[in-house]
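Remarks on the structure that follows.
The values are calculated or read from the model by the stated rules, or taken from the named source; none is laboratory data. Quantities reported herein were computed from a predicted structural model and do not represent experimental measurements. With ideal geometry, Cβ positions are generated from the backbone for all residues, glycine too; neighbour counts draw on all protein chains shown. These accessible areas exclude ligands, DNA and RNA; they are computed on the full protein's heavy atoms, side chains included. Shrake-Rupley method; radii C 1.70, N 1.55, O 1.52, S 1.80 Å.
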Amino acid sequence: MLTIVRRSLDLDRNVLKVLLFRLWTILAGIVTIIAIPRFLNGESQGYYYTFLSIVALQALFDLGLSQTIAQISSHEFAYVDLNRINDTGFTPHIAKLSYIKATVTRWYRWVGGAFVMIVTLVGVAYFALFGEKVDEHWLGPWIALVVTTGINLILSPRLAIVEGAGWTGTVAGVRLVQSMAGYMLLVIALAAGAGLWSAMMVPFAANLVSLAWLRGRTNPYRAIPSYPATGHNHAPWRAEILGLQWRVAIAWLGGYFASQVIVPVVFALQGAEPAGRIGLGLQAFGAVQALGMSWISARVPRFGQFIARGDHRELKAQFVRAAASATGVSVVVAVAVVVVLAVARDEGMFPVRRIPSVPATVLLAVNAVLGTIIYAMAAYMRAHKEEPLVLSSLVIGSVTLLAAIVGARLGGDAVVLAYACVTLLLNLPWTVVIFSRYYRRDTRGLL
C-alpha cells in the first residue's frame, strides 16, 4: 500500500524529507494561527504580520543570488564525485565550485550588513509614519528581528551550495530542525508575554541550527577546496554568474511586490487590525503553497543535472510527475484549510475580526493553488540557468502593488479579490506562454 502511494505521488527520499518539512510548516502555521490571536491583541497582530512582510525585503538584498548559486553549482556537481573530490585534483568543475564558494561567502557578508542597516531604517520610518501606539513598544523587537534575519541572510548561500549538490533532502532536514526549534521558541515567548519580541525567535533558531550543522559535519560546502590565488581565469565564470544574476534579481524584485506588499499596504491604508487579518490568511495559504512546491523544489538540482547531461527525456518525465503531484496536493490541502477556517469561524473558535472572511479565504486558496502551478513552471525554466521571467515579474509586481492600493482603499475583501485577479488573469497566462516555449524546445524530437 505504501509503495503504491509513493509511486502515485512520485515520492522519493528527497521529496519525502522536503515534504516532512512542509508538513511541519503547516502544523507550525496552525499553531501560530491559534497562538497569535490568543496572546496578541488585534493591533499587535497587525504589527506582527507587517513586521514579517517588511523584513521579507531580504529578498531584495539576496536578489535571487542564492537561487542562482544553486542552479549553477548543480550543473558543476553533475561532474563531481564528492566522495573522491580530494583525489581527483583541481578539475575545471571543482575550480568553478571553489570560485563560487569564495565569492558568494565574501559577498553575502556585505549584503547582510547592508540589509541590517537599511531595513532597520526603512521599518523605523514606516512604523513612525503609519503606526499607532500599542501595548508593546515596537522599536526594540523590530531591530532584533532585522539583525537575526540579516545573519540568516549571510548564511543562506552556504545551504544553497549544499542544495546544488543534490542534497535537497538533507537541507530540508536542517530546515525542519530550524523550524521546529524556532516555532517552539515563538510559542513559548508568546505564552510568556514577550509580545512582539517573539517575532525574532524563528530566525534566531535558524541561525543557531545552521551554524551548528555547517560546522559540525562534512557537507558539500565544506568539501569544496579553497579557491587558489592564481592559476585560473575566473572571468568567464564571473560573467556567467552575473549574466544570470541580474535577470534573477529583477525577477525577485517583482516577486517581492507580487507576494509581500499586500500586508504593508493594508496596514498603511486600513490600519493594523485589518493587516493582521490578511496576514494570518496569507500565512495559512502560504504554507499550503509551500507544501505543494515540495515536489518541485526537491527536484530542481536534479533538473539542472539532466539539462547539463542533455537527458531531456528524463527531465520531461520527472517534471510532469512532480508538477501533477504538486498541483493535486495543493488543491486537496487548500480545500481542507478553507473548510477548517470556515468551521472555526462558525464555532466561534476565533474572534470574527481576527481571521479573513469566507470569500477572502476562498480567494486566497485559489491563489495558493495557482501559485504552485506558476512556481513549477518557473523552476523548470530556471533550471536551464536562464531567467525568462524578468519582464513579467516586473509588470506583475507593479500591477499587484497598484491593485493592492486600489483594493485597500475600497475596503473589505477588495484587496484580496484584486490580488487573486492579478494572479489568474495576468501572472498565470503569461507564465504559461513563456513556459510552453521551453517545454516544446526540450521535448522536440522525443515524441
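What length, rounded to one decimal in nm, is gained on full extension from Leu417 through to His312, with 0.36 nm per residue of separation minus their alpha-carbon distance? Don't skip to the end; give the middle numbers.
Numbers: separation 105, 0.36 × 105 = 37.80 nm, distance 3.91 nm.
So the chain would gain 33.9 nm between Leu417 and His312.
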Of every hundred units of 1.4 Å-probe accessible area on the stretch 96-221, the number belonging to carbon and sulfur atoms, as a percent, is 71 percent
For the stretch 347-417, accessible area per residue (1.4 Å probe, heavy atoms of protein chains only), Å²
41 Å²
Karplus 3J(HN,Hα) series, Hz, for the stretch 283-289 with 6.51 cos²θ - 1.76 cosθ + 1.60 (x for Gly, Pro)
5, 4, 7, x, 5, 4, 5
Met117/Val358 FRET efficiency (R0 56 Å; Cβ-Cβ; nearest 0.05)
0.85
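Scaled to the compact-protein estimate 2.2 N^0.38 Å, what is the alpha-carbon radius of gyration of the stretch 180-222, rounded to two decimal places?
Working: Rg = 13.2 Å, N = 43, 2.2 N^0.38 = 9.2 Å.
Relative to the rule-of-thumb radius for its length, the stretch 180-222 sits at 1.44.
May I ask you to compute the full-extension gain from Phe130 to Ala192, defined as 0.36 nm times their residue separation minus their alpha-carbon distance, rounded to one decimal in nm? It would help to have the intermediate numbers written out before the result.
Working: separation 62, 0.36 × 62 = 22.32 nm, distance 2.81 nm.
Gain on extension, Phe130 to Ala192, equals 19.5 nm.
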Once phi for every residue in the stretch 142-156 is put through the Karplus expression 6.51 cos²θ - 1.76 cosθ + 1.60 (θ = phi - 60°), the whole-Hz ³J(HN,Hα) values, with Gly and Pro written as x, are 5, 5, 4, 5, 5, 5, 5, 5, x, 5, 4, 5, 4, 7, 4
What distance in nm separates the two pseudo spin-label positions at Leu424 and Leu211, each 7 Å out from Cα along the beta-carbon direction?
4.8 nm
